Each structure stands twice: as C-alpha cells, then as structure tokens.
Amino acid sequence: MALSLRQLILTVPKCSSILSRRRVAHFTFFKDQPDPSLGPTKEMNLCQTIQNAIDITLGNDHTAIVFGEDVAFGGVFRCTTELRSKYGADRVFNTPLCEQGIIGFGIGAAVAGTTAIAEIQFADYIFPAYDQIVNEAAKYRYRSQNLFNCGKLTIRSPWGAVGHGALYHSQSPESQFMHTPGLKVVVPRSAIEAKGLLLSCIKDDNPCIFFEPKILYRSAKEDVPIKEYTIPLSKAQIIQEGSDVTLVSWGTQVHVLREVAQMAAKENISCELIDLRTIVPWDVDTICQSVSKTGRLLISHEAPITGGVGAEIAATVAKECFLNLEAPVERVCGYDIHPIPHVFEPFYFPSKWRCLEALKRMMNF
C-alpha cells in the first residue's frame, strides 16, 4: 500500500531523519594544540579570539580604532562586544551602511597615523569598496613614492559558506584580490590561528584583508594562549607530513582535507596536509618543496574553480615541479554557478567525497 509523505517521514528513525541530516555540518572541526611556550590558555571560540586580538590592540595602541556597520554593539556576529564600553565611542564606533565609505575613511585614518581596523559586515558586501581597496589602498605607497602609505589598515570580514547563506552571504572572494599587488589576504582555520594571524595583520606595514570563516565563529573552540602572540604572514604550515600526495587549502576547507587524509590513510595513502594561511603573497617554497617530494598535488577551496586561487597555485607548481609530478594537479572547488543555490547549498561544497575521489584519480594515474 502506498504511504503518504507524512507517513513516510514518521516511519524514518529520528537519528537518520531528513531534518536531522539537514543540520549536519559538511566538516569536522579539528582542534589545534597551543604552543606551550606561550603560557596559560583559555578556552575560546574563533569569534572570541577575534575580540581578544582587537582588545589587546586597543589596549596597547592608543591610536587604534575599530569601525564598521553595527560594531558598536558587537556586530552581527558579536566579534566586538564590550569594546565600546571599555574604550569609548571615539575608538569603537558605527559607520553608515556604505562600504566604500568605510574603506575610504579607513584609508584616510591610516594615512594620518591611525591603526585602523575596518569591518565589512559580510565578505559578499566588500565589492562596493573594491575601488577603494584596489585603486587606493593597494597603490597609495607607490603613487606617493613612499611619502605616504595606508599600511596600518586592516579590513576584517566574515567569509565563506555556512550551508544556507545563498547568494549574498556565502561567497569566498579571496581570488578577487589576488591580482592586486600591495595587498595581503589572510584566512585562518582555527581560533588559535585567528588570533595570531589577525595580530600580525594589524602590525603589518601593508593593508591587509582578513577573511574570517563565519561557520567557524562558534564551532572552532579550543584552548587559546591568553598572552599576545603573532603568526608570520606568507608562511604556510605543514599540518601533517606525508609521502604520496600534497593536500593544500585554507580556512574551513582545511578541516575537510584533514578528514580526507584520515580516510586515505585507511587505504595506505600517505597525505601531506598544508594550510596556506596567507593567500597573497602565498608561500611558493613550502608548496613546491612538498610537491617535489610527493609528486602529486590536490588543491581544494570553496570559491568557484575558474579563476580561483587554486588555479594560480596549480600553474606555479606545474612550472616549478614539472619533472617531479607523477599525475596532473587536481582542483576540487566550488562549482562555476551563480548565485550559490540556497536550498542546494550543501551540495555546492567541495565535500570530502569529491576530494577523496580526486585523490584516488591521482594515485591511479
């Protein structure tokens, strides 16, 4: 006898129901271990470490200011909570809903000697400020022959997909800025990394864009050193050493590849996993040295495949490691579709299964 849709749903066990599966994340978060030399730690999520890094900056640097849409009450993700009450409305303040105005003001403030930390509420809304970032911030030092610069400008922005953000809240635009010399672009994978990398961006003498994987704001929880520390920019990290294939990614996708490496190990495939960390300028030496050893490279990122950061990495490796390659470079990325679909967004992600399939293609080439 045919069952109605309601009857079918009621017959499915709750633990494997459609509704339960709909809430499952596409990745498993892997905690990082704090450096013991950095002293005491406190459990924090990525959102709290961002707040902690900005708090440290405001406390140590009297010129530092934080501004953006809604940052005065903490921002939509609460990454700047309590900072206004602690440091005052002249150092932590809201701006109009005008991204080009936010960055234009930040450039001017940085040129005048301020440590400027600007927030763009979502990476998807950074495009109205594209002209200010690319034609002004990135070129200011060059056009003034180093008489002036806006190197103390850091632009923070929530980045990446969450599974239901659709066309205006899920984009990963890091490659849009890869073509612009004069900028640094950074994406962290964890709370520990986020604090150290953000403090490095703020201290750097070049304008930096710091993309924060918003799906990790609450899920990336680990023991983070309380004291101030930095992580060098433009230096990738080898998270796991291996001999058969090099896996490269950044942000949330690093955790997907960590699981892929575990799955591959069960089939006696040894993976070397690298977190790129800094997208621009990226660490060519670490990647090429790894590929020269393994002979294979898989790059994975959420952004669409065409014109993505993975294409630049693949082209460089093809040139520098040509005689060492045992198989063509594989890229497992977001699909070339626009906009990102809302209902089907979970199918857009470069899943561990797609990555594992590509890895096996390389091994069998």
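The values are calculated or read from the model by the stated rules, or taken from the named source; none is laboratory data. It should be emphasised that the depicted structure is a prediction, and the values quoted were computed from it without experimental measurement. Here the Cβ is made from the backbone with ideal geometry for all residues, glycine too, and neighbour counts use every protein chain on show. These accessible areas exclude ligands, DNA and RNA; they are computed on the full protein's heavy atoms, side chains included. Shrake-Rupley method; radii C 1.70, N 1.55, O 1.52, S 1.80 Å.
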Handout entry: Gain in span if fully extended, GLN289 to SER219, counting 0.36 nm per residue against the direct Cα distance
Key = 21.9 nm
Handout entry: Reach of LYS152 by Cα under 18 Å, taken over lysines that are not fewer than 8 positions away in the same chain
Key = LYS139, LYS184, LYS195, LYS203
Exercise for the section: Mind giving me the nanometre distance, one decimal, between the label points for ASN94 and ASP205, set 7 Å out from Cα along Cα→Cβ? Expected result: 3.8 nm
Completion exercise
Taking Lys and Arg as +1 and Asp and Glu as -1, residues besides TRP159 with C-beta under 11 Å from its C-beta add up to -2
Handout entry: Contour excess over end-to-end distance, with Cα ends at LYS139 and LYS86 and 0.36 nm allotted per residue
Key = 15.6 nm
Problem - Per residue solvent-accessible surface (Å²) - the chain, probe of 1.4 Å - result: 45 Å²
Problem - Full-stretch length increase - SER270, GLU320 - with 0.36 nm per residue and alpha-carbon distance subtracted - result: 15.8 nm
Handout entry: Length-normalised contact order for segment 237-364 - Cα pairs under 8 Å, 6+ apart - percent
Key = 27 percent
Practice task
Let me know the shape class of segment 244-365, please: from the alpha-carbon gyration tensor, a ≥ b ≥ c as square roots of the eigenvalues, rounded when a/c is under 1.5, otherwise prolate if a/b is greater than b/c, or oblate.
Solution key: oblate
Fill in the blank from the handout: Charge tally for neighbours of GLN100 with beta carbon under 11 Å away, counting Lys, Arg as +1 and Asp, Glu as -1, is -3
Problem - Electrostatic dipole magnitude of segment 84-175 [Cβ: Lys, Arg +1; Asp, Glu -1; Cα centre; debye, to 20] - result: 380 debye
Practice task
Report the paramagnetic label zone for LYS31: residues of segment 242-270 whose backbone N is under 17 Å from a point 7 Å from Cα along the Cα-to-Cβ axis.
Solution key: 255
Completion exercise
Dividing the helical contributions, -39500 (n - 2.57) per DSSP H run of n ≥ 4, by the residues of the chain yields a 222 nm value, nearest 500 deg cm²/dmol, of -9000 deg cm²/dmol
Exercise for the section: Just add up the charged neighbours of SER292: K/R +1, D/E -1, any other residue whose Cβ is under 13 Å from the Cβ of SER292. Expected result: -1
Fill in the blank from the handout: Per the 1/(1 + (r/R0)^6) rule, R0 = 35 Å and r from the Cβ atoms of PHE73 and TYR335, FRET efficiency to 0.05 is 0.40
Handout entry: For segment 54-144: rounded, prolate or oblate by the Cα gyration tensor [a/c cutoff 1.5]
Key = oblate
Practice task
Give the relative contact order (percent, whole number) for segment 41-225; include only Cα pairs under 8 Å separated by 6+ residues.
Solution key: 27 percent
Completion exercise
Note on the chain: contact order normalised by length, alpha-carbon pairs under 8 Å, 6 or more apart, percent, works out to 16 percent
Fill in the blank from the handout: In degrees, nearest 10, the alpha-carbon axis of helix 309-320 is tilted away from the dominant principal axis of the alpha carbons of the chain by 80 degrees
Handout entry: Helix 46-60 axis, angle to the chain major axis (alpha carbon atoms, nearest 10°)
Key = 20 degrees
Completion exercise
Between the modelled labels at LYS42 and PHE365 (7 Å from Cα along Cα→Cβ) the distance in nm is 4.8 nm
Exercise for the section: Quantify, in whole percent, the carbon and sulfur part of the accessible surface of the chain (1.4 Å probe; protein heavy atoms only). Expected result: 55 percent
Handout entry: Crossing angle, helix 99-111 versus the chain [Cα axis fit, 0-90 degrees, rounded to tens]
Key = 50 degrees
